[in-house]
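The values are calculated or read from the model by the stated rules, or taken from the named source; none is laboratory data. Since the model is a prediction, treat every value here as computed from it, not as a measurement. Here the Cβ positions follow ideal geometry from the backbone for every residue, glycine too, while neighbour counts run over all protein chains shown.
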Amino acid sequence: MTSHPQNDGAPPPLDRRPPPPVLLLRHPTQFSVLDRPLPDTFRFLKPWKSPLPLGDFLSSADARAAEAILTSGMTPVTAEMLRRLPGVRLVVTTSAGLEHIDVAECRRRGIAVADAGDAYSEDVADLAVGLLIDVLRKVSASDRYVRRGSWSGEGEFALGSKLGGKRVGIVGLGRTGLKVAKRLEAFGCAVSYNSRKAKPYVSYPFHSNVCELATNCDALVICCGLNEETHHMITREVLLALGKEGVVVNIGRGSIIDEKEMVQLLVQGELGGAGLDVFENEPNVPEELLALDNVVLSPHRAVFTQESLSDLCDLVIGNLEAFFSNKPLLSPVLDE
Amino acid sequence: MASHPENDGPPPPLGRRAPPCVLLLCHPIEFSLLDRPLPDNFRFLKPWESPLPLDDFLSSADARPAEAILTNGRAPVTADMLRRLPGVRLVFTSSAGVNHIDLAECRRRGIAVAGAGDAYSEDVADLAVGLLIDVLRKVSASDRHVRRGLWSSEGEVALSSKLGGKRVGIVGLGKIGLKVAKRLEAFGCAVSYNSRKTKPCVPYPFYSDVGELAANCDALVICCGLNEQTHHMITREVLLALGKEGVIVNVGRGSIVDEKEMVQLLVQAELRGAGLDVFENEPDIPEELLALDNVVLSPHSAVFTPESFSDICDLAIGNLEAFFSNKPLLSPALYQ
């Protein structure tokens, strides 16, 4: 645990000091949606309650007392912000991704970072598989067909495509990717993957190049995080390599895919279908997608189950309490 | 193999006789949708090409040479039909179920019956799981929400519910039910079942009473066949036992569930939701369901993949050729 810059030794434990001030960049929706109060063992600083704009608030005496920052995926924790809050020793994010946090700056300053850990990975994996089944078996499209009366009127709906035997490439074999793989195996899919590097102890074939993965697969499931290397990693070439019958499922981040190119290929029938929980410019969804029957659109809610949100709230509180009790974080972001 | 009523010994093998006459009770869509020709070592009688209504056709001289009947799940093979076609020695159905065939009459007349065997079970199991994920995770409902442009304006859809940890009761642990169970285990569901009798070597808890199964589960997946015992087996009481948070998925037959009661409970929010591929009076769907956001409607298409259809074509041809070559049927169904 890092020492407080103004102390020589470890800070006093939680119950023997005033509640640590925690800067809340936004009220965490996970708590409000579940009607769960924030713990009163901490003093939450709420910039939106101040008449000052955020920039000025951060320079105020109130903000300077902050020893931790609690953020969601929406509000960035920048080097500039950290410079203005020298008392901060911990950043906790409620999101699965880290692209909004200057992790390098945190490391330089000895600031610990905690993320959503494993709280979401099952639910995200479940949705990824649900989206793949939906696209291949046309579940939502059939539901639309039935609801508009076409089953009685026009007869049988189109054929879907079997899951079993499909070669599915997982892009990013992390916590979520591994869970997707395990589920797909139960359906008889043949799983392979691309990751920054091959994972030891994993039996699935590894492809060092995502285009090569696409060439050898019938579907891609994007499970990785967004960073400089993964931005627009799924190019037009990768999608063309996936082929006319190919399906792409994205539960990572919209910008991992070159969305404009993907939309064009879908419209032109050069790609079989897509199941998307994330988009480049949420909540805006490219209009062309709304007219397509072979895409399934999800409003970035892969983590929005009662259970995941509840686990996340427990994790946030748990991380804050652990840190300020000089115990190890429950879900630390470690150097890889 | 049953002897021809007019011969003493077994009939001549396929290669050394005129092509056997096979009566097609319905359009063989599995062949036509795949652009596959019917085999030319059989002579197919097609009632729809006759000006006579089916009933009169069956009494006509044209129909009398029939030695086998090919049907699907919708066109019944009745005792009366068999009486009028004394030359028939084999009935093949392309459906998984055999409730539309008078099995007792077939036994009495020494008529062999063959069905879809294992051809569909993976595809049906996959759809059952897809429907369950859709209902719990509101996949189709969210897709509708996004397509209506509501993501930007009205914010989030209501919270959904995690699959992992859900207790799922499989009604009918046959070929399909077992595959559903295996898939659900990969998602972390706790599987139990009800069947006519316990299955040996199966790790899941057995409930002899379907109401008791419902009382101990969060979701029911109906995978059994339709017969006298299973007709309206899922009563109002069973659904109430499942509870307000309960989900029902039906990939068996519509009449296994008391549909009128189920619809009422859904409308009254006494059930969390339903994923239905089958209905009591297809293709008519109770109008109330069309207005509900928590049901997923599928036009009896659980078997509608090119892979399943191709397997069925192979099985139809394979069973016909086996039977008329005095070999054992590939997928006998008389023992169900």
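Anything in region B:303-326 that is within 14 Å of chain A (Cβ to nearest Cβ) and within 16 Å of B:D40 (Cβ to Cβ)? List them, or say none.
Answer for region B:303-326, where residues must be within 14 Å of chain A (Cβ to nearest Cβ) and within 16 Å of B:D40 (Cβ to Cβ): just B:C313.
For region A:217-236, which positions are closer than 13 Å to A:S195 by Cα and among the charged types (D, E, K, R)?
Selection gives A:E229 alone.
Output the residues belonging to region A:301-315 that are within 9 Å of chain B (Cβ to nearest Cβ) and under 25 Å from B:R147 (Cα atoms).
The answer is A:R301, A:A302, A:F304, A:T305, A:Q306.
Residues that are surrounded by 20 or more Cβ atoms within 10 Å (Cβ to Cβ), at least 3 per element: which helices (runs of 4 or more DSSP H) completely within region A:122-204 meet that? Don't jump to the end; show me each part of the working.
Working: elements: A:139-147, A:150-154, A:175-186.
In region A:122-204, the matching helices (runs of 4 or more DSSP H) lie at A:139-147, A:175-186.
With respect to A:G117, is the statement that it is over 20 Å from A:H231 (Cβ atoms), touching an Asp or Glu at 6+ places or on another chain (Cβ under 6 Å) and either assigned to a loop (DSSP other than H, G, I, E, B) or basic (K, R) (or both) true? Working first, answer last.
Numbers: over 20 Å from A:H231 (Cβ atoms): yes; touching an Asp or Glu at 6+ places or on another chain (Cβ under 6 Å): no; either assigned to a loop (DSSP other than H, G, I, E, B) or basic (K, R) (or both): yes.
For A:G117, the condition - over 20 Å from A:H231 (Cβ atoms), touching an Asp or Glu at 6+ places or on another chain (Cβ under 6 Å) and either assigned to a loop (DSSP other than H, G, I, E, B) or basic (K, R) (or both) - is not met.
Taking the residues in region B:89-122 that are charged (D, E, K, R) and closer than 23 Å to B:K182 by Cα as candidates, determine which candidate is nearest to the other protein chains (Cβ to nearest Cβ). Let's see the steps before the verdict.
Looking only at region B:89-122, we keep the residues that are charged (D, E, K, R), and these are B:89, B:102, B:105, B:107-109, B:118, B:122.
Imposing the further condition that a residue be closer than 23 Å to B:K182 by Cα reduces the set to B:118, B:122.
On the way: B:D118: 12, B:E122: 5 Å.
Among them, the one singled out is B:E122.
Can you tell me which residue in region A:169-212 is farthest from the other protein chains (Cβ to nearest Cβ), limited to those that are aromatic (F, W, Y) and closer than 22 Å to A:G272 by Cα?
Selected residue: A:Y193.
Select from region A:32-55 the residues that are closer than 28 Å to A:R107 by Cβ and of a type outside the set (G, A, S) and list them in ascending order.
The initial filter retains those residues of region A:32-55 that are closer than 28 Å to A:R107 by Cβ, namely A:38-39, A:41-47, A:54-55.
The answer is A:L38, A:P39, A:T41, A:F42, A:R43, A:F44, A:L45, A:K46, A:P47, A:L54.
Can you name the condition, by its number, that A:P76 falls short on among (1) of a type outside the set (A, V, I, L, M, F, W, C); (2) modelled with pLDDT under 95; (3) more than 16 Å from A:I101 (Cβ to Cβ)?
For A:P76, the failing item is (3).
Restricting to region A:99-108, what's the tally of residues that are surrounded by fewer than 20 Cβ atoms within 10 Å (Cβ to Cβ) and out of contact with any helix residue (DSSP H, G or I) (no Cβ under 6 Å at 6 or more places or on another chain)?
Selection size over region A:99-108: 6.
If B:L290 satisfies every condition in (1) closer than 30 Å to A:G164 by Cα; (2) within 14 Å of chain A (Cβ to nearest Cβ); (3) aliphatic (A, V, I, L, M); (4) surrounded by fewer than 19 Cβ atoms within 10 Å (Cβ to Cβ) but one, which is the exception?
(1)
Here is a list of conditions, (1) out of contact with any Lys or Arg (no Cβ under 8 Å at 6 or more places or on another chain); (2) under 27 Å from B:V135 (Cα atoms); (3) buried (at least 21 other Cβ atoms within 10 Å of the Cβ), and A:S308 meets all of them except one; can you say which number that is?
(1) is the only condition that A:S308 fails.
Please tell me if A:L329 is within 14 Å of chain B (Cβ to nearest Cβ), farther than 21 Å from A:A141 by Cβ and in contact with a Phe, Trp or Tyr (Cβ under 8 Å, 6 or more places away or on another chain).
Answer is no for this residue.
Condition first: of a type outside the set (D, E, K, R), over 28 Å from B:R148 (Cα atoms) and free of Cβ contacts under 8 Å to residues at least 60 places away in the same chain. Now tell me which residues in region A:108-162 satisfy that.
Pass one, region A:108-162, residues of a type outside the set (D, E, K, R): A:110-114, A:116-117, A:119-121, A:124-125, A:127-133, A:135-136, A:139-142, A:145-146, A:149-153, A:155, A:157-161.
Pick out the ones that are also over 28 Å from B:R148 (Cα atoms) and you get A:110-114, A:116-117, A:119, A:121.
Within region A:108-162, A:S121 is the sole residue that qualifies.
With respect to A:G97, is the statement that it is facing another protein chain (nearest Cβ under 10 Å), small (G, A, S) and not in a strand (DSSP E or B) true? Explain how you work it out, then say what you get.
Values: facing another protein chain (nearest Cβ under 10 Å): no; small (G, A, S): yes; not in a strand (DSSP E or B): yes.
Judged against the criteria, A:G97 is not a match.
Could you check, for region A:195-210, whether at least one of its residues is in contact (Cβ under 8 Å) with a residue 24 or more places away in the chain and of a type in the set (S, T, N, Q)?
yes
Name the one entry in A:A141, A:A128 that is more than 25 Å from B:S32 (Cβ to Cβ) and more than 7 Å from chain B (Cβ to nearest Cβ).
A:A128
Just to be sure I understand the filter: pairs with C-beta atoms under 8 Å, separated by 6 or more residues or on different chains, first member in region A:285-300 and at the interface with chain B (Cβ under 7 Å from one of its Cβ atoms), second member aromatic (F, W, Y) and surrounded by 20 or more Cβ atoms within 10 Å (Cβ to Cβ). Which pairs pass?
A:V285/A:F279; A:V285/B:W151; A:P299/B:W151
So which helices (runs of 4 or more DSSP H) stay within region B:92-198 end to end and still have 1 or more residues that are of a type in the set (S, T, N, Q) and over 27 Å from B:S310 (Cα atoms)? If you could, list the steps in order and put the result at the bottom.
Values: elements: B:103-109, B:121-137, B:139-147, B:150-154, B:175-186.
The helices (runs of 4 or more DSSP H) meeting that bar are B:139-147, B:150-154.
Pull up region B:249-287, narrow it to residues that are among the β-branched types (V, I, T) and closer than 22 Å to B:T230 by Cα, then point me to the one that is nearest to the other protein chains (Cβ to nearest Cβ). Quick ask: steps written out before the conclusion?
Going through region B:249-287, the residues among the β-branched types (V, I, T) turn out to be B:249, B:251, B:256-257, B:263, B:267, B:278, B:285.
Next cut, closer than 22 Å to B:T230 by Cα only: B:249, B:251, B:256-257, B:263, B:278, B:285.
Numbers: B:V249: 12, B:V251: 12, B:I256: 19, B:V257: 17, B:V263: 15, B:V278: 12, B:I285: 6 Å.
Among residues in region B:249-287 that are among the β-branched types (V, I, T) and closer than 22 Å to B:T230 by Cα, the one nearest to the other protein chains (Cβ to nearest Cβ) is B:I285.
Of the numbered conditions (1) at pLDDT 95 or above; (2) buried (at least 21 other Cβ atoms within 10 Å of the Cβ); (3) β-branched (V, I, T), A:V267 satisfies every one except a single condition; which is it?
Evaluating A:V267 over (1) at pLDDT 95 or above; (2) buried (at least 21 other Cβ atoms within 10 Å of the Cβ); (3) β-branched (V, I, T) leaves (2) as the failure.
So which residues in region A:206-224 are surrounded by fewer than 16 Cβ atoms within 10 Å (Cβ to Cβ) and closer than 14 Å to A:G177 by Cβ?
A:F206 - this is the single residue of region A:206-224 that is surrounded by fewer than 16 Cβ atoms within 10 Å (Cβ to Cβ) and closer than 14 Å to A:G177 by Cβ.
Could you count how many residues in region B:123-153 are facing another protein chain (nearest Cβ under 7 Å), over 29 Å from B:A181 (Cα atoms) and among the aliphatic types (A, V, I, L, M)?
So the answer is 1.
Go through A:R137, A:R83 for me and flag whichever is of a type outside the set (A, V, I, L, M, F, W, C) and in contact with a Phe, Trp or Tyr (Cβ under 9 Å, 6 or more places away or on another chain). Full working, then the answer.
On the way: A:R83 fails: in contact with a Phe, Trp or Tyr (Cβ under 9 Å, 6 or more places away or on another chain).
None of the others qualify; the one that does is A:R137.
Can you confirm whether A:V247 is crowded, with 21+ Cβ neighbours inside 10 Å and either in contact (Cβ under 8 Å) with a residue 60 or more places away in the chain or within 24 Å of A:G160 (Cβ to Cβ) (or both)?
yes
Conditions first: (1) in contact (Cβ under 8 Å) with a residue 24 or more places away in the chain; (2) in contact with a strand residue (DSSP E or B) (Cβ under 7 Å, 6 or more places away or on another chain); (3) outside any strand (DSSP E or B); (4) within 24 Å of B:K182 (Cβ to Cβ). A:V221 passes all but one, so which condition is the exception?
Evaluating A:V221 over (1) in contact (Cβ under 8 Å) with a residue 24 or more places away in the chain; (2) in contact with a strand residue (DSSP E or B) (Cβ under 7 Å, 6 or more places away or on another chain); (3) outside any strand (DSSP E or B); (4) within 24 Å of B:K182 (Cβ to Cβ) leaves (3) as the failure.
What's the total number of residues in region B:295-317 that are touching a strand residue (DSSP E or B) at 6+ places or on another chain (Cβ under 9 Å) and surrounded by fewer than 18 Cβ atoms within 10 Å (Cβ to Cβ)? Talk me through it step by step, then tell me what you get.
Within region B:295-317, the subset touching a strand residue (DSSP E or B) at 6+ places or on another chain (Cβ under 9 Å) is B:295-298, B:315-316.
Subset that is surrounded by fewer than 18 Cβ atoms within 10 Å (Cβ to Cβ): none.
Residues flagged as touching a strand residue (DSSP E or B) at 6+ places or on another chain (Cβ under 9 Å) and surrounded by fewer than 18 Cβ atoms within 10 Å (Cβ to Cβ) within region B:295-317 amount to 0.
I'd like to know if region A:151-168 contains one or more residues that are in contact with a strand residue (DSSP E or B) (Cβ under 9 Å, 6 or more places away or on another chain) and away from chain B (no Cβ under 11 Å).
So far as region A:151-168 goes, yes, one or more of its residues are in contact with a strand residue (DSSP E or B) (Cβ under 9 Å, 6 or more places away or on another chain) and away from chain B (no Cβ under 11 Å).
Under 9 Å between Cβ atoms, which residue pairs at least 6 apart in sequence (or on different chains) link something in region B:123-137 that is closer than 14 Å to B:I248 by Cβ with a partner that is assigned to a helix (DSSP H, G or I) and hydroxyl-bearing (S, T, Y)?
So the pair list comes out as B:D134/A:S140; B:D134/B:S140.
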